[in-house]
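Heads up, the thing below is written out as structure tokens.
The values are calculated or read from the model by the stated rules, or taken from the named source; none is laboratory data. In this text, all values refer to a predicted model and were calculated from it rather than measured experimentally. Backbone-built Cβ (ideal geometry, glycine too); neighbour counts: all protein chains shown. We work out accessible area using only protein heavy atoms, side chains counted, and drop any ligands, DNA or RNA first. Shrake-Rupley method; radii C 1.70, N 1.55, O 1.52, S 1.80 Å.
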Amino acid sequence: MTGPSTPDAALESYLVSTQERRLGRYLDFLRIPSISTLPEHAADCRAAAEWLAAALEIAGLEHVEVSETGGHPIVYADWLRAEGAPTVVAYGHYDVQPVDPLDEWTAPPFEPTVVDGRVRARGASDDKGNVAILLQAAEALLATRSALPVNLRFVFEGEEESSSEHLEPWLVANRERLAGDVAIVSDVGFFDGNVPAITVGLRGMMYAQIDVAGPFQDVHSGQYGGTIANPADALATIIAALKGPDGRILVPAFYDDVVALADEDRAAFAALEFDEEAYRSSLGVPTLVGEVGFTTLERRGGRPTLDVNGIWGGFQGVGAKTIIPGRAHAKVSCRLVADQDPQRIFDGLKAYIAQVAPPGVTVEVSLLGTGDPSRTAIDHPATQAAARALEAIFGRPPVYIREGGSIPFVATFEGTLGLPVVLLGFVPPDGNFHAPNEWMDLDNFERGIRAMARYWDELAAAGA
Ligand SMILES: [Zn+2]
């Protein structure tokens, strides 16, 4: 596979000569307190969207639009003059998390400071750092070449930190103008130790509640004990039936749609530097346990799970109260992997619980939420183009990671828009996202701009 062979000298000298001004623009962006979840910051979210739209205009992007969603707006912009070249849809978000506890910040969260090569501010990494990288990469290419190597569509959301409620309907409604060949979701970062990384999998989610009912109310355990089923006992029986001692989930057909880990997936997990003992002791647990036949990292990123998230019922107070509870409840969730379907998993769980529930109680299982898993093959041309770009700029090949967590809308890019998704971001893994003293590494920031520009060159060269 051929890539761009010589480094782009004009691009490099532009980036060097504009570094101070570009940093200033990034800091301006960070000064806008666009906390999406707090209603009192709605005007700030709009201000951030408008700031971003203006910056995209200045950069030379076209069809710039602050698009209404019913919530915080989505900023759209494109540049579609690379005839015959692939089209890239790039995603980031301009909203940020709340800042409390404020007294743990060493400087006010929306007054960015630059100390020891680190930009400290709320949003410095999640996700305004990645958004500024996308923006400045496009700006630098347009300034030095008057063209981009690929067709580009930017989608910048303002509700990622508060549920992404309006994103999916917006993506569906704008399906036509989001036509493309690959989506870059830039809301991730590097691996432990700031190792360049490409995220190739995210887990999905199925969340359910189990309600077990016995007598119409709590009753005296002396008067009635031994004659009726106890809902708390019944709930324990049900939960105990969900998993085997080998960590396997016993719901029939649960694993039917799981894409087995290929040799290269397992090799990618094995290549990650991971200190199992440090992980164990950081959690304060006596030993790590999980599904037999898989490593800890495979269990965390590449395999599905089922967990009780909460369990309650009956007497919870101090001292003794002799009752048979009328009700018992549990919240249960599954992290899912490709190609598991959350609705099918729920249906299977519900049917299995009906089967294993003991007599004498009535059981209801209800669905509280779903999110689809996603996966992009390591050997996909778009993944490999990103790998070449990272290696060219950061001097080492990336590792491939699978996140245990979920970004449900990634599956929308895959499913609804039919795009392969490459999750590529440049923030340091210990950047205190969602926490006090969030920071971004300035070296990652500068190299991230170069790597993103290089990635688009690589995609153009690969034709995909
Ligand atoms: Zn984010």
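Convert each backbone phi in region 106-117 into a coupling constant with the Karplus relation 6.51 cos²θ - 1.76 cosθ + 1.60 (shift: θ = phi - 60°), then list the ³J(HN,Hα) values in order as whole Hz, x for Gly and Pro.
The phi angles translate into 7, 8, x, x, 10, 10, x, 10, 10, 9, 6, x Hz.
When the convex hull of the Cα atoms of region 99-251 is projected onto a plane and the area is averaged over all directions, what value comes out in nm²?
Working: hull surface 75.7 nm².
Here the figure is 18.9 nm², rounded to one decimal.
Hey, any idea what % of the chain's accessible area is carbon plus sulfur with a 1.4 Å probe? Please list the in-between numbers first.
On the way: 10110 of 19760 Å².
Answer for the chain: carbon and sulfur cover 51 percent of the accessible area.
Name the residues whose placed amide hydrogens come within less than 5 Å of the amide hydrogen of LEU250, ignoring near sequence neighbours (fewer than 5 apart) on the same chain.
The list, which skips near neighbours in sequence, is LYS243, GLY244.
When every alpha-carbon pair in the chain is counted, what percent end up more than 28 Å apart? Mind dumping the intermediate values first?
Working: 60770 of 107416 pairs.
Result for the distance tail: 57 percent.
Amide H of ALA197 versus every other amide H placed in the peptide plane: which residues, excluding those fewer than 5 positions away on the same chain, fall under 5 Å?
Result for ALA197 returns PHE191, VAL399.
With just the Cα atoms of region 404-464, tell me how far they stretch along each of the three principal axes, in Å, largest first.
39, 28, 15
Given an 8 Å cut-off on Cα distances and at least 6 residues of separation, report the relative contact order of the chain as a percent. The partial results should precede the final answer.
Values: 950 pairs, mean separation 116.3, N = 464.
Across the chain, relative contact order equals 25 percent.
Arranged from highest to lowest average of other beta-carbon atoms within 10 Å per residue, in what order do the peptides 356-367, 444-455 appear? Don't skip to the answer; put the middle values down first.
Working: 356-367: 15.5, 444-455: 24.9.
For the peptides 356-367, 444-455, the packing ranking is 444-455, 356-367.
Report the Stokes-Einstein translational diffusion coefficient (µm² s⁻¹, integer) for region 42-125, Rh taken as the Kirkwood radius over Cα pairs, at 25 °C with viscosity 0.890 mPa s. Show your work: numbers first, answer last.
On the way: Rh = 15.3 Å.
My calculation gives 161 µm²/s for D.
Cross-link candidates for LYS321: which aspartates and glutamates have Cα within less than 12 Å, leaving aside residues fewer than 8 places away along the same chain?
Partners found: ASP218.
Return the long-range amide H neighbours of VAL64 (sequence gap of 5 or more, or a different chain), with a cut-off of under 5 Å between placed amide H atoms.
Amide H to amide H, under 5 Å and 5 or more residues apart or across chains, VAL64 pairs with ASP78.
Report the trypsin sites (Lys or Arg not before Pro) located in region 253-330 that are in a DSSP loop and have at most 16 other Cβ atoms inside 10 Å of their Cβ, or state none.
Details: sites: ARG266, ARG280, ARG299, ARG300, LYS321, ARG327; in loops: LYS321.
Counting only loop positions with at most 16 other Cβ atoms within 10 Å, the trypsin sites (Lys or Arg not before Pro) in region 253-330 are LYS321.
Counting heavy atoms of the protein chains only and a 1.4 Å probe, report the per residue accessible area for the chain as a whole number of Å².
On the way: 19760 Å² over 464 residues.
With the other protein chains kept in place, the chain gives 43 Å² per residue.
Using every alpha carbon pair in region 323-432, what percent of pairs falls into each 10 Å bin from 0 up to the bin containing the largest distance?
The percentages, shortest bin first, are 11, 30, 25, 16, 11, 5, 1.
Per the Kirkwood formula on distinct C-alpha pairs, the Rh of region 366-409 is how many angstrom? It would help to have the intermediate numbers written out before the result.
Working: mean 1/r = 0.0784 Å⁻¹.
Roughly 12.7 Å, rounded to one decimal.
Ordered by residue, what ³J(HN,Hα) values in Hz, to whole numbers, does region 347-360 give under the Karplus form 6.51 cos²θ - 1.76 cosθ + 1.60, where θ = phi - 60° and Gly and Pro are x?
4, x, 5, 4, 5, 5, 5, 4, 6, 8, 5, x, x, x
Suppose only helical runs count, i.e. DSSP H with n ≥ 4. What mean residue ellipticity at 222 nm does that imply for the chain under -39500 (n - 2.57) per run, divided by all residues and rounded to the nearest 500 deg cm²/dmol?
-10500 deg cm²/dmol
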